[in-house]
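Beneath this line is the structure, given in structure tokens, with notes to follow.
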Amino acid sequence: TGGDGSIITLENGTTFTYRNSFGGFWIHDPEDPFNNNARPNDYTPPLNTSWRWGVDRVYGVNLGGWLVLEPFISPEIFQRYPGVRDEFSLAQAMAADTASGGLTQIEEHYETFITEVDIAEIAGAGLNFLRVPIGFWAIETWDGEPYLAKTSWTYFLRAVEWARKYGLRILLDLHAAPGSQNGLNHSGKLGTINFLAGNMGIANAERTLDNLRSFTQFISQPEYRDVVVAIGLVNEPLAGQIGLDPLHSFNLRAYDIIRSVTGFGEGNGPYIAVQDGLQNLGRWDGILPGGDRVIMDGHAYFAFGDVNPSPMIELAEDGLPGGTWPAQACRAWGTEFNESRTNIGPTVSGEFSGAPNDCGLFIRSVGIDSFHPQCAEYNDWENYNTTMKAGLQNWIMASFDAFGDFFFWTWRIGPSQAGRVEAPLWSYKLGLDNGWIPRDPRDSVGKCARVGINTPVEGTFAAFRTGAVPSPTIDAAYSAQYPWPPTSIPSADVPVSLLPTFTNTATAMTLPVPTYTSAPAAATANLDGWFNDNDSTGGVVTVAGCPYPNAYTATFATVPTAPCTGP
């Protein structure tokens, strides 16, 4: 154990000096591997003490691009294979390139992109939470899915142990669902949405629900539930195309499955984070009424909106650089997020960045460049002057303050083949090292008021939202309004009643537990990856004898006229 200035020895025998000026301390005891006494700073409760929504603030960062690869975060890997635009096509190209190591190249990325030193630096930066995106292929892949299967889970467990060591809490985010929930490259496959949409929309959603059950069973174990304290259902399902009603049905079904595993009330499994579907948070007012420990997760970016050339170096309303950007962040996001806290419950920004525009390599996608007139200035981060850095820092602090509880996207951006970071304003670490990310995230508190926009963070929530109700119930009218499966989904050729579905007759997917070689047997005797043995439902599998379209193209060979129930 140790604090600021202590020497830490890594597994490979190398050492580094822990820097933490916030009163944080680390603890690692191989004979007591589930010791939760560490804390990242003196304003965050240690892991063995309850988190208090509305009192404790989430100062978080994403580990984006690590276990779900994205071109702008790890451009060099994608540049090895010209033409690949997502992890699906990258995995196909790598598998065919056995001379370069095939899919082991992805595991090499897992091994090196995020290390224990990163987690120590995150704690040392005054942060207290990680959002860790993961793909469904951490659990398994099915025929035709080229992803590296059952490997990223091992590295997620490493992140859990590092987070435990440094006192950080984790939100586990299902970032990529079977079939793709948004058709964007960070869902695994660029193209068509086949989650709650199209002919495989129900089947892919059923598989996603089963994945969420496996994750929940693991992280609800007593050894893990104080570290992995929240689970995000599905990242950025494209509500504008899927529709809100199917997503309400899915979220309710996921809630019921998760709470049937965990039970209710504080300490019984994770909080459930529901993503906004890239819609205004106000559109979700009334979601899961009465639901136990539900968080709303809003993602907010100016980068993908209209071109705004307002200079960052001009003075803002408080007399500091930042131009119009600090006030714009406070106006756009402060009221929206506070109203969500009032109307729904605890609300976080699960993603945002320091970028006011879409400048940078592969930001929108491989092969799509920005036409923003200031890209040369924003991309030349090595030559930012002190005024530019101050302006960026002030608008980023305004964003922090507007959200109240946040996860910056993302901790690290890897270099391109040119050897430099080409999306600088998306890297917390780069900004921290070079002076446009604040050294103390608490300096952001009150920033909106200082630019004339007072949006104090609401901190009082209904008792059921914070686990204080032992037997909460979802409003019956809401349950009746949003059945599972939903009554309709978009882009399907037949009614929902005729769409392919799976059956729960496979062996349930239990995620593997790590080996603790130095711990006494009694410490790990009950650790098996499956928290609730009363949950004996099987895993999902195809119905024998029934035809299924491809999960990602979903065209029927023969359009069904009756439900298929097997031979």
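The values are calculated or read from the model by the stated rules, or taken from the named source; none is laboratory data. Predicted model only: the values in this text are computed from it and were never measured. Here the Cβ is made from the backbone with ideal geometry for all residues, glycine too, and neighbour counts use every protein chain on show. Note: accessible area is taken over every heavy atom of the protein model, side chains too, but ligands, DNA and RNA are not part of it. Shrake-Rupley method; radii C 1.70, N 1.55, O 1.52, S 1.80 Å.
Quick notes
- Flag if Leu157 is open to solvent by 10 Å² or more (accessible area, probe 1.4 Å), within 19 Å of the chain's Cα centre (by Cα) and at pLDDT 95 or above: yes
- For Tyr271, the conditions (1) within 22 Å of the chain's Cα centre (by Cα); (2) under 26 Å from Ala197 (Cβ atoms); (3) open to solvent by 10 Å² or more (accessible area, probe 1.4 Å) are fulfilled apart from (2).
- Top-ranked residue of the range 375-394 - restricted to ones that are open to solvent by less than 30 Å² (accessible area, probe 1.4 Å) and under 22 Å from Ile73 (Cα atoms), ranked as nearest to the chain's Cα centre (by Cα): Leu392
- Flag for Ala138 being free of Cβ contacts under 8 Å to residues at least 12 places away in the same chain and among the aliphatic types (A, V, I, L, M): no
- Any chance Gln221 is more than 22 Å from Tyr552 (Cα to Cα), of a type outside the set (Phe, Trp, Tyr) and crowded, with 21+ Cβ neighbours inside 10 Å: no
- There is at least one residue in the range 128-147 that is assigned to a loop (DSSP other than H, G, I, E, B), among the hydroxyl-bearing types (Ser, Thr, Tyr) and touching a strand residue (DSSP E or B) at 6+ places or on another chain (Cβ under 8 Å).
- Within the range 399-445, the residues that satisfy the criterion of being part of a helix (DSSP H, G or I) and either without any contact (Cβ under 8 Å) to a residue 12 or more places away in the chain or over 15 Å from Glu351 (Cα atoms) (or both) are Pro424, Lys429, Leu430, Gly431, Leu432, Asp433, Asn434, Pro441, Arg442, Asp443, Ser444.
- Strands (runs of 3 or more DSSP E) completely within the range 1-108 that count 2 or more residues being touching a helix residue (DSSP H, G or I) at 6+ places or on another chain (Cβ under 7 Å): 59-62
- On inspection, Thr507 passes the criterion of being exposed (fewer than 13 other Cβ atoms within 10 Å of the Cβ), under 30 Å from Thr151 (Cβ atoms), more than 25 Å from the chain's Cα centre (by Cα) and modelled with pLDDT of 95 or more.
- Cβ separations smaller than 6 Å between residues 6+ apart or across chains give the following pairs from the range 147-158 residues that are within 13 Å of Glu87 (Cα to Cα) to residues that are of a type in the set (A, V, I, L, M, F, W, C) and in a helix (DSSP H, G or I): Tyr147/Ala91; Tyr147/Trp137; Leu148/Ile106; Ala149/Trp137.
- Residues within the range 519-543 that are touching a strand residue (DSSP E or B) at 6+ places or on another chain (Cβ under 9 Å) and part of a loop (DSSP other than H, G, I, E, B), tallied: 3
- Among residues of the range 446-459, those that are crowded, with 23+ Cβ neighbours inside 10 Å and not in a loop (DSSP other than H, G, I, E, B), counted: 2
- Here is the figure for the range 109-127: residues that are assigned to a loop (DSSP other than H, G, I, E, B) and either open to solvent by 10 Å² or more (accessible area, probe 1.4 Å) or farther than 20 Å from His186 by Cα (or both) total 4.
Conditions (1) in contact (Cβ under 8 Å) with a residue 12 or more places away in the chain; (2) of a type in the set (Phe, Trp, Tyr); (3) under 30 Å from Pro346 (Cβ atoms); (4) open to solvent by 40 Å² or more (accessible area, probe 1.4 Å), marked per residue:
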| site | (1), (2), (3), (4) |
| --- | --- |
| Val494 | yes, no, no, no |
| Pro500 | yes, no, no, no |
| Pro520 | yes, no, no, yes |
| Asp535 | yes, no, yes, no |
| Val541 | yes, no, no, yes |
| Ala554 | yes, no, no, no |
| Thr558 | no, no, no, yes |
